[in-house]
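Please read the structure below before turning to the comments.
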Amino acid sequence: MNYNFYDRKDDLVPKEQLDWIDANIEIISNTEIVLFVFQAEYEALLFTNSNIYFPNRNTKRLISYDEIANIRIAGDLHLELKTRSNEVYSIILVSAIDKVKIFQVLKLLIENQRNGKNTSFADTHLIFDKFTVLKYPPNQLQHKLPQVYLKQFGYIDNKQWKVSILQKGEKFCRQKSIGSFTAETNVFDIDSEDDRFPRMFESLNADLENLYPDVLEDISNNSNLSDKSWEIIVQLIPNLMVRSDHWRDFVREIMGSDRKETFLEITLSIHTKSDEERQELKKKDFYRILNESELTTSILNKTLLHFLNYLSHQLQSFDIVVLQAPKGNELFTSDNPVTFRANQIEGKMGLFSDDTYLYFPLSKDYLIYMHHRNSTKGSPLRKLENRKIYQAEEILTEQQYTEIVRNKIIKNSEKLIIVPGEMKYKIEK
């Protein structure tokens with residue numbers, strides 16, 4: 001017998017589950033209206049007008065809609081079915097959107113069953129078609145390095161902004177359009193049934209990018225960094241960190257390891273003031289979702305937003321100085337633009353200690369240096385006045401400046417070095 005099948009992921013439903021459906025569907029259809037099969041995260045679910053079947057479960061193969069006392073959305077991907085005998089059964093869906101759709105379908109099936117009304121496939125399919133989360137455009141190119149940032153290192157060629165790129169291991173520069181450089185489709189999207197959330201990460205990116213030119217103007221016109229520019233920088237730097245492949249991979253690796261819970265506890269500890277509050281935080285739904293869910297791109301992006309908040313919170317206690325690059329010796333940047341050195345004290349958990357510092361080329365003309373105000377190690381730049389703007393050539397030797405560019409900026413790149421201006425460079429054999 002043929003049936004409608006909602007395929008929700010690339011992984012195929014295990015053959016034994018489909019075999020069970022094929023072996024039993026004719027018998028089931030003798031007394032019930034078979035509606036559809038739906039692919040959940042770990043199992044296929046068979047829906048009829050009377051029951052929901054679980055081919056992957058041995059202890060409870062089916063639940064009739066008459067048995068269900070309550071349906072509860074229990075998390076990002078979870079539904080809980082509570083029966084009249086107070087048993088609770090969990091369904092884990094592939095996406096938050098699926099969770100809401102199945103929730104609405106089950107409500108319809110239960111209501112119709114109680115009212116003695118048959119439910120057709122057309123009735124349930126209407127719910128799947130009708131419920132959408134608005135994302136405009138549906139497919140959006142999202143930049144790991146903002147175009148407004150790349151323009152500060154780029155040039156215009158035939159009315160198009162480009163940057164000169166040197167890939168590690170190659171002996172020539174490539175010219176790339178900033179419109180597509182480091183851009184991926186929907187890379188920062190978050191699965192959610194709420195229209196406010198799918199593009200939350202990208203909206204935050206855009207808000208900070210809009211403020212970035214104000215910082216450049218402020219620095220170019222003053223000898224000290226204003227409070228407003230400082231506030232933008234302590235958010236902009238973490239934002240660019242978590243958008244980079246380096247830090248996305250760092251968080252992805254930790255979230256797939258036995259260090260995950262420690263990482264989440266440290267990252268989210270900024271919201272608490274005591275161990276008691278931290279323990280209460282771990283009981284929250286959002287914490288459980290991050291800690292227990294499969295690490296999808298959506299879960300990674302949610303975690304990165306919390307990580308960004310943690311980084312920004314820590315950087316608020318740092319001193320900052322700005323160096324203006326010498327004329328004709330402008331700064332490079334890369335696909336990993338923030339050089340972050342944890343310098344953790346042995347036995348100290350987390351990324352931050354008194355010796356943590358960072359370098360960030362704000363543009364080809366300005367370099368940010370941040371360090372913990374209690375630091376005793378690192379660059380002589382830590383001795384400079386907080387929030388002061390300096391000429392690099394007045395406080396650094398040419399060799400010191402060159403070492404910062406080479407060893408702190410260029411070496412920090414993952415794969416791609418961004419050269420200021422137009423450079424068509426090739427090393428001959």
Residue among K228, K99, K15 with the largest mean-square fluctuation in a Gaussian network model of the chain, springs linking Cα atoms under 10 Å: K15
Most mobile of I409, I395, I27 in a GNM of the chain (Cα contacts under 10 Å): I27
Most mobile of G75, G116, G179 in a GNM of the chain (Cα contacts under 10 Å): G116
Placed amide H near I33: partners under 5 Å, 5+ positions off or other chain: N49, S50
Contact order normalised by residue count of the chain, Cα under 8 Å, 6+ apart, percent: 14 percent
Near-label residues of the range 136-161 by backbone N, under 16 Å of a point 7 Å along Cα→Cβ of K415: 143-145
Answer label for volume of the Cα convex hull per residue in Å³ (calculated), chosen among [x] 162; [y] 148; [z] 205: [z]
For the range 143-152, Karplus couplings with θ = phi - 60° (6.51, -1.76, 1.60), whole Hz, Gly/Pro x: 9, 6, 10, x, 4, 5, 6, 4, 4, 5
Cα-derived Rg to Rh of the range 5-130, Kirkwood definition: 0.92
Loop-located GluC sites (Glu not before Pro) in the range 359-429 whose Cβ has at most 16 other Cβ within 10 Å (DSSP): E385, E414, E422, E428
Net charge over other residues, Cβ less than 12 angstrom from the Cβ of S177 (K, R count +1; D, E count -1): +4
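Please give the net charge around A122, taking every other residue with its beta carbon less than 13 angstrom from that of A122, where Lys and Arg add +1 and Asp and Glu add -1.
Within the 13 Å Cβ shell, the charges total -1.
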12 Å beta-carbon shell around L264, net charge (K/R +1, D/E -1): +4
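So which trypsin sites (Lys or Arg not before Pro) in the range 38-96 pass both tests, a DSSP loop state and at most 15 other Cβ atoms within 10 Å of the Cβ?
R57, K60, R61, R84
Enumerate by residue number the GluC sites (Glu not before Pro) in the range 167-271 meeting two conditions: DSSP loop (anything except H, G, I, E, B), and at most 15 other Cβ atoms within 10 Å of the site's Cβ.
Taking the range 167-271 and a limit of 15 other Cβ atoms within 10 Å, the loop GluC sites (Glu not before Pro) found are E170.
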The range 5-130 - share of DSSP beta bridges that are antiparallel (%, nearest 5): 90 percent
Hypothetical label at L216: residues of the range 171-199 whose amide nitrogen lies under 19 Å (7 Å Cα-Cβ projection): 176-183
Whole-Hz couplings from phi, Karplus 6.51/-1.76/1.60, listed for the range 132-138; x for Gly and Pro: 9, 9, 6, 10, 10, x, x
Per-residue ³J(HN,Hα) for the range 268-280, Karplus 6.51 cos²θ - 1.76 cosθ + 1.60, θ = phi - 60°, Hz, x for Gly and Pro: 8, 5, 5, 8, 10, 10, 8, 5, 4, 5, 5, 5, 5
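FYI, it's all coordinate maths here, none of it is from the lab. Values in this document were obtained by computation on a predicted structure and should not be read as measured data. Every residue, glycine among them, receives a Cβ derived from its backbone with ideal geometry; neighbour counts consider all protein chains shown.
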